[in-house]
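A short worksheet on the structure shown next.
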Amino acid sequence: MGEIDDAIERADREGFTRQPPKTLQARINFLIKHLRTTKAVAAEIGVSQRSVERYRRGERKHPPRAIAERIDAAVRARWQPQVRRRRRKQAATATGITVETRARFGYTAPVGTTDDGRFRRLTVHLPPAYAQRLFDARDTGAGDQEMRGIIAEGFKDVYFQDGGARAQGLSDVTLDDIDYLDLDY
């Protein structure tokens, strides 16, 4: 997963209205409810079916760290899908998305102006159209570079050109060397 994918996942988790199950037994039962069989859960988290049955009955309470992390990731991926869909739909149609980042921004500018990239810390609210494009790109399996391009284009329109009020000659904004990137919607 890339930086943008991770940021979208974090934003999804921040939108939970309730916390996912805490205990191992409750998490396993939740996964069995969604995947239907212990065999499917075992395949999902990479353990034997017998191990899943032990976790379910409470015979084993402390799986190795790697397995515990896979269980946690599987639960969080299936937790509150309606809440996630509703928040994404709202961001893509009405509210937009806020991007906070510290990264190197470069751009192509007219002759006589500087186009050297430099680090900037920006928090910019992008319109719903960019949120929709970002979600669509992620859903179709787009790479991190393509999603960076969508965010960079949004920064160009909203931040650098201020919706067309300035820097008309600016083109091809790039987003490189990301220190951190956080999304909120």
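Take ALA66 and decide whether it is surrounded by fewer than 12 Cβ atoms within 10 Å (Cβ to Cβ) and within 22 Å of PRO127 (Cα to Cα). So ALA66 does not fit the description; no. With respect to the conditions (1) buried (at least 17 other Cβ atoms within 10 Å of the Cβ); (2) hydrophobic (A, V, I, L, M, F, W, C); (3) modelled with pLDDT of 90 or more; (4) assigned to a helix (DSSP H, G or I), ALA129 falls short on a single one, namely (1). Taking the stretch 87-98 as the region of interest, how many residues are of a type in the set (A, V, I, L, M, F, W, C) and surrounded by fewer than 16 Cβ atoms within 10 Å (Cβ to Cβ)? Residues meeting the conditions: 1. In a residue-by-residue description of the stretch 153-162, the property of being at pLDDT 90 or above, more than 18 Å from ASP6 (Cβ to Cβ) and open to solvent by 20 Å² or more (accessible area, probe 1.4 Å) applies to no position.
Note on the stretch 52-73: residues that are modelled with pLDDT under 95 and among the small types (Gly, Ala, Ser) total 2. Of the residues making up the stretch 136-151, those that are free of Cβ contacts under 8 Å to residues at least 60 places away in the same chain, in a helix (DSSP H, G or I) and within 18 Å of ARG84 (Cβ to Cβ) number 3. A Cβ distance below 6 Å, combined with a sequence gap of six or more or placement on separate chains, defines the contacts here; from the stretch 35-46, residues that are among the small types (Gly, Ala, Ser) reach residues that are surrounded by 18 or more Cβ atoms within 10 Å (Cβ to Cβ) in the pairs ALA42/VAL52. Can you find a residue that is at pLDDT below 90, open to solvent by less than 40 Å² (accessible area, probe 1.4 Å) and within 17 Å of ASP176 (Cα to Cα) anywhere in the stretch 111-121? So far as the stretch 111-121 goes, yes, one or more of its residues are at pLDDT below 90, open to solvent by less than 40 Å² (accessible area, probe 1.4 Å) and within 17 Å of ASP176 (Cα to Cα).
Applying the criterion of being free of Cβ contacts under 8 Å to residues at least 40 places away in the same chain and not hydrophobic (A, V, I, L, M, F, W, C) to the residues of the stretch 70-86, the residue that is least open to solvent (accessible area, probe 1.4 Å) is PRO81. Out of all the residues in the stretch 17-40, is one or more within 30 Å of ALA152 (Cα to Cα), modelled with pLDDT under 95 and within 18 Å of the chain's Cα centre (by Cα)? Looking for residues that are within 30 Å of ALA152 (Cα to Cα), modelled with pLDDT under 95 and within 18 Å of the chain's Cα centre (by Cα), one finds none in the stretch 17-40, hence no.
The values are calculated or read from the model by the stated rules, or taken from the named source; none is laboratory data. The model shown is predicted, which means the values in this text are computed figures rather than measured ones. A quick note on method: Cβ atoms are made from the backbone with ideal geometry, for glycine too, and the neighbour counts reach across all protein chains shown. Side chains are part of the model used for accessible areas, which takes the heavy atoms of the whole protein and leaves out ligands, DNA and RNA. Shrake-Rupley method; radii C 1.70, N 1.55, O 1.52, S 1.80 Å.
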